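I'd like to ask you about the structure that follows.
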Amino acid sequence: MKRLNMLAPFAVAITLAAAAPAAAQTVASAPEAAAPALYAPITVGEVEDAQRGWCSALVAISMEADTKGFTAAKALAGQVLDAAYGYAMGPVLFKPTLTVAPQTFRTTREGALSYFVGGDKTYLNDGGFALKHWRKCQSENAGIVITGNSAISMGNVSIWDDRGNLTKVDKTWGYVRGHDGKLRIVLHHSSLPYSPK
């Protein structure tokens, strides 16, 4: 088994079998590291680690769906939301790429979970963004602004599916340091790049 610390900034580790693409995955708590002091300023490295963790988590959820099915993918997506986002702290300003009014904004965990995996009768238009057979994801920043215990990043996220098709989105993330010293996403705005006709 090959251990990829894909959600290290979110204190969750996902174990992938290296032998085959359809390998099983399990989720376990990552080894505890000394958490930064709650007043410690966020660093550029922490923001970049969080972005890599988000990308790895998206691919992991997609692989989980492809290898173990919807129920396993939904469980993993819930763990990712709890580890990466600040829903336990209050509303999160989450505007996903492919949502429509009146459910454009997802300030609740339930709304975010539905966006990522679908299957919620309250959000009938959700097809499960994380279930689109993603295999690679990377983030590229246009800039990062840090103000003490909060940070904002803006740039592009590129995602490739199992056929090599590329989807590129404009992404803005806002982070705060949680009560455990780890970063939590409290702002997530995503949109498709403007394309003039």
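Read-outs: derived from the displayed coordinates by stated rules, not from any lab. For clarity, every value in this text was computed on a predicted model and none was experimentally measured. Cβ placement follows ideal geometry from the backbone for every residue including glycine, while neighbour counts extend to all protein chains displayed.
Please arrange His188, His179, His133 by counting, for each residue, the other beta carbons lying within 10 Å of its beta carbon, fewest first.
Values: His188 20, His179 10, His133 14.
With the sparsest Cβ surroundings first, the list reads His179, His133, His188.
How much net charge surrounds Ala72 when only the other residues with a Cβ under 14 Å from the Cβ of Ala72 are counted, with Lys and Arg +1 and Asp and Glu -1?
Net local charge, Ala72 excluded: 0.
Then there is this: Can you check what the net charge comes to around Gly155, using other residues whose Cβ is under 9 Å from the Cβ of Gly155 (Lys, Arg +1; Asp, Glu -1)?
Values: positive: Lys171; negative: Glu140, Asp170.
Value of the local net charge: -1.
Further, regarding this structure: Cα-Cα over 24 Å: which of Lys74/Lys121; Lys74/Lys136; Lys132/Lys168; Lys171/Lys197; Lys68/Lys136; Lys74/Lys95?
In this structure, not one pair exceeds 24 Å between Cα atoms.
How do Arg184, Arg163 rank when sorted from fewest to most other Cβ atoms within 10 Å of their own Cβ?
Least to most surrounded, the residues fall as Arg163, Arg184.
While we're looking at this one, here's another question. In which sequence would Asp170, Asp126 go, from the one with the fewest C-beta neighbours within 10 Å to the one with the most? Show your work: numbers first, answer last.
On the way: Asp170 16, Asp126 22.
With the sparsest Cβ surroundings first, the list reads Asp170, Asp126.
Separate question: Which whole-angstrom value gives the distance between the alpha carbon centres of segment 126-189 and segment 68-82?
18 Å
Using a Förster distance of 35 angstrom, determine the FRET efficiency expected from the C-beta separation of Thr147 and Ala75, and round it to 0.05.
Once the sixth-power term is evaluated, E becomes 0.50.
Let a ≥ b ≥ c be the square roots of the eigenvalues of the Cα gyration tensor of segment 78-188; is it rounded (a/c under 1.5), or, if not, prolate (a/b larger than b/c) or oblate?
On the way: a/c = 1.80, a/b = 1.18, b/c = 1.54.
Oblate, since a/c reaches 1.5 and b/c is not below a/b.
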